[in-house]
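The structure appears below as structure tokens.
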Amino acid sequence: MLTSRDLARSAPPDLLPGLLEAQAAGVGVAAASAGHQPGLPIGYGTAHAKVILFGEHSVVYGNSAVAVPMFNLQMQARAWRIDAPPRFESAYYSGELRHAPDFMAAPRAAIEAVVEQVGGSLDGLAVSLHGSIPIGRGLGSSAAAAGAIVDAVARLHGTELAENDRFALVQVAERVAHGKASGLDAYATTTPHPIRFREGLATVLTNCLNATLIVADTGVYGSTRQAVELVRTLRGRFRRRIDRVIEELGALAELAVSDLAGDRVQELGARMNRAQELLAQLKVSHPAIDRLVGAALKAGAFGAKLTGAGLGGCIVALAHADSVDAVTQALREAGAAQIWTLSDHGATA
Ligand code: MEV
């Protein structure tokens, strides 16, 4: 019988959904802290999911984006010392770090970078990673994984990373995972606040919104690397037209900042709808996204759009408290694989 470890060795990155199924079936789930000697320290790190409300893709070209935290989906990492070669334990691959398959290159890069940063040693280092953030759904799983790992390894070495150092380390892994990465995910999966992000700088936003954000998963794996590359290629061919789209997406993010502060729900919803039209022009929407967006709007949402890189992944809809049930029901009927609602305090399943 094929184990998830066998699958992991041979799987290219886009086979990760298959590995997730293996995980759900309970195959190959690593024992926590295997080989840990009682009494020796363990370093812990956690990071949460994020929902991009505005500015995905356009943020890669220096425009503003707005993102909010989603607390009940998390990644957790542990680091400890073992009497064996460096190891990595996860639902997707468990084994010696040096044999980790290509799709584990980003966590591996995070481990190597943080060890160098804290002046530590890879010898006898074990790192485990577990979590509930679905992979390839635009919710920041790769940045959250890298963030949890760098904190766990740094803490094992008695170091609390400064914000800038942590950001730089997560970005090392993000560039391996996605190629060009704006850094939005690195911040948004760490900070407990809604943020505006632009050119490497995050500012905390006031959110007075008296409405509910609903996140629904299409169940379709969307590759961030592929989506970012697609927009880059499109921009190379139709520079002026695509730059206009990218700039308008950034302008919507800027306008959304005051909508959030002033509880302007209708305006915010309309801007989400416009952002979805523009993202479709960037070719990063998907029939499953269009289906869920259409269902949410028909059921009374003020606005709905893809969130994250697109090509699959999740949508986010904005609804009045009175229509949350109707929107949720409509999303379920339209085939949503999972649905979460976000309150002021993060997310509830
Ligand atoms: C991915 O979550 C967001 C993108 O804008 C890429 C990035 O910001 O690096 C698509």
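What follows draws every value from the coordinates through simple rules; no lab data is involved. It should be emphasised that the depicted structure is a prediction, and the values quoted were computed from it without experimental measurement. Here the Cβ is made from the backbone with ideal geometry for all residues, glycine too, and neighbour counts use every protein chain on show.
Things worth noting here:
- Each Lys and Arg adds +1 at its Cβ and each Asp and Glu adds -1 at its Cβ; summed about the Cα centre, the chain shows a dipole of about 800 debye.
- Amide hydrogen proximity for residue 87: with H placed 1.01 Å from N in the peptide plane, the residues at 5 or more positions away or on another chain lying under 5 Å are 97, 125, 126, 127.
- In segment 179-241, a dipole from Cβ-located charges (positive for Lys and Arg, negative for Asp and Glu) runs towards its positive end, and of 182, 231, 208 it is 231 whose Cα lies farthest in that direction.
- Label point at residue 34 placed 7 Å out along Cα→Cβ; residues across segment 69-94 whose backbone nitrogen lies under 16 Å: 78-94
- Environment charge at residue 139 (Cβ cut-off 15 Å; Lys +1, Arg +1, Asp -1, Glu -1): -1
- Assuming charge only on the beta carbon of Lys and Arg (+1) and of Asp and Glu (-1), the dipole of segment 191-311 about its Cα centre is about 520 debye to the nearest 20.
- Computed over segment 156-266, relative contact order equals 26 percent, with contacts defined as Cα pairs under 8 Å that lie 6+ residues apart.
- Relative contact order (percent, whole number), the chain, Cα cutoff 8 Å, 6+ residue spacing: 20
- Vicinal HN-Hα couplings computed from phi for segment 224-233 (Karplus, 6.51 cos²θ - 1.76 cosθ + 1.60; Hz; Gly/Pro x): 4, 4, 5, 5, 5, 5, 4, 5, 4, 5
- Sequence-distant residues sharing a close amide H with residue 71 (under 5 Å, placed H): 347
- Signed unit charges on C-beta, dipole axis of the chain, positive-most listed residue 192, 159, 51: 51
- Prolate/oblate/rounded label for the chain (Cα gyration tensor, a/c 1.5): prolate
- Only lysines eight or more places from residue 50 in sequence, or on another chain, were considered; those with a Cα closer than 25 Å are 180, 283, 305.
- Charge tally for residue 326 (other residues, Cβ to Cβ under 12 Å; Lys, Arg +1; Asp, Glu -1): -1.
- Using the Cβ of residue 160 as centre and a radius below 12 Å, the other residues enclosed give a net charge of -1, where K and R count +1 and D and E count -1.
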